[in-house]
Amino acid sequence: IDCGEREILHPLPVLDDICAGSAKVTALQGWLLESFHYTQGAAFHIAPVLEQTAGQPIHEGWREFFEEEITHWRIYRRCFAEFDWQWPVIECEPLPATLRFLGSLRQAAERSPAAYASAMMFIEQAPAATDLASDPLFGALVHHYHLPQRAVQPLWEHAVLNRTLGHEALGQRTLALEGSLDAAQISGVFSSLNNVMQANVAMLAEIVACE
């Protein structure tokens, strides 16, 4: 998600400061916690697109995506261990803006496969960097915030999976199979994508406000 954000939306609350090493540790912790809540909510927003694509050739791709994503919340455990966080802290209620972000994704999935695919093409972009150390975001966790590389490695590997498992291409395949969209459908896709992007930025801004 954060790779896509940094490529398209600037300036970004929290992320730009984390990359520069100027964010407070509490802001970094907030970003990790809300990212965990987002990742843990995968089933909530993916499920509608499984219903939407039932019986279609692309359904198997979304089913595989669903099965891959529902366990990926585990990637944060090593980082949380570095902060000595226990599950009562980790499983606290997400911020309202995080819930809004998850809701915007579910609404896109409920609108149409094309709307959800467009949103996920924005979110599921793989890093441009070829290794963790040279990545502006994940490298900063090691270089600026001194998290052990072994703790950050699962986050990096999860981001790279967007390319190796074809998550980036899944959205493109879905749109190709959808064929030509009429004006109303195209308007709906853009509306959903705009809602997702704005909700994403609002989530990051609320992390800053809660420091």
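The values are calculated or read from the model by the stated rules, or taken from the named source; none is laboratory data. Just so it is clear, the structure is predicted and the values come from calculations on it, not from any experiment. Cβ coordinates were reconstructed from backbone atoms using ideal geometry, including for glycine residues, and neighbour counts include every protein chain displayed. Note: accessible area is taken over every heavy atom of the protein model, side chains too, but ligands, DNA and RNA are not part of it. Shrake-Rupley method; radii C 1.70, N 1.55, O 1.52, S 1.80 Å.
Numbers at a glance
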item	result
Given (1) open to solvent by less than 30 Å² (accessible area, probe 1.4 Å); (2) out of contact with any Cys (no Cβ under 9 Å at 6 or more places or on another chain); (3) touching a residue at least 12 places away in the same chain (Cβ under 8 Å), number of the condition PHE44 does not satisfy	(1)
Residue check, GLN52 closer than 23 Å to ASN162 by Cα, surrounded by 15 or more Cβ atoms within 10 Å (Cβ to Cβ), in contact with a Pro (Cβ under 9 Å, 6 or more places away or on another chain) and at pLDDT below 95	yes
Flag if VAL189 is without any contact (Cβ under 8 Å) to a residue 12 or more places away in the chain, more than 14 Å from TRP62 (Cα to Cα), surrounded by 15 or more Cβ atoms within 10 Å (Cβ to Cβ) and not small (Gly, Ala, Ser)	no
Residues of the range 55-77 satisfying the condition of being within 17 Å of ARG106 (Cβ to Cβ) and open to solvent by less than 30 Å² (accessible area, probe 1.4 Å)	TRP62, PHE65, GLU69
Conditions (1) closer than 29 Å to PHE83 by Cβ; (2) in contact with an Asp or Glu (Cβ under 8 Å, 6 or more places away or on another chain); number of the one not met by LEU132	(2)
Residue tally, condition open to solvent by 60 Å² or more (accessible area, probe 1.4 Å) and not in a loop (DSSP other than H, G, I, E, B), over the range 122-148	2
Whichever residue in the range 154-193 is of a type in the set (D, E, K, R) and within 30 Å of TRP73 (Cα to Cα) and, among such residues, is modelled with the lowest pLDDT	GLU168
Only listed residue being open to solvent by 50 Å² or more (accessible area, probe 1.4 Å), modelled with pLDDT of 95 or more and either under 30 Å from ALA183 (Cα atoms) or part of a helix (DSSP H, G or I) (or both), chosen from LEU99, LEU105	LEU99
Residues of the range 162-181 classified as of a type in the set (Val, Ile, Thr), open to solvent by less than 80 Å² (accessible area, probe 1.4 Å) and under 23 Å from GLN40 (Cβ atoms), total	0
Selected residue (only one of ALA151, ALA205, ALA159, ALA184 is in a helix (DSSP H, G or I) and open to solvent by 50 Å² or more (accessible area, probe 1.4 Å))	ALA184
Residue in the range 78-91 that is most open to solvent (accessible area, probe 1.4 Å), counting only those that are in contact (Cβ under 8 Å) with a residue 12 or more places away in the chain and not aliphatic (A, V, I, L, M)	ARG78
Residues of the range 90-126 classified as of a type in the set (Val, Ile, Thr) and over 17 Å from MET203 (Cβ atoms), total	1
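To keep it simple, each residue is scored yes or no on (1) modelled with pLDDT under 95; (2) assigned to a helix (DSSP H, G or I); (3) under 30 Å from GLY179 (Cα atoms).
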{"position": "GLU7", "(1), (2), (3)": "yes, yes, yes"}
{"position": "PHE44", "(1), (2), (3)": "no, yes, yes"}
{"position": "PRO48", "(1), (2), (3)": "no, yes, yes"}
{"position": "GLN56", "(1), (2), (3)": "yes, no, yes"}
{"position": "GLU60", "(1), (2), (3)": "yes, yes, yes"}
{"position": "PHE65", "(1), (2), (3)": "yes, yes, yes"}
{"position": "TRP73", "(1), (2), (3)": "yes, yes, no"}
{"position": "ARG77", "(1), (2), (3)": "yes, yes, no"}
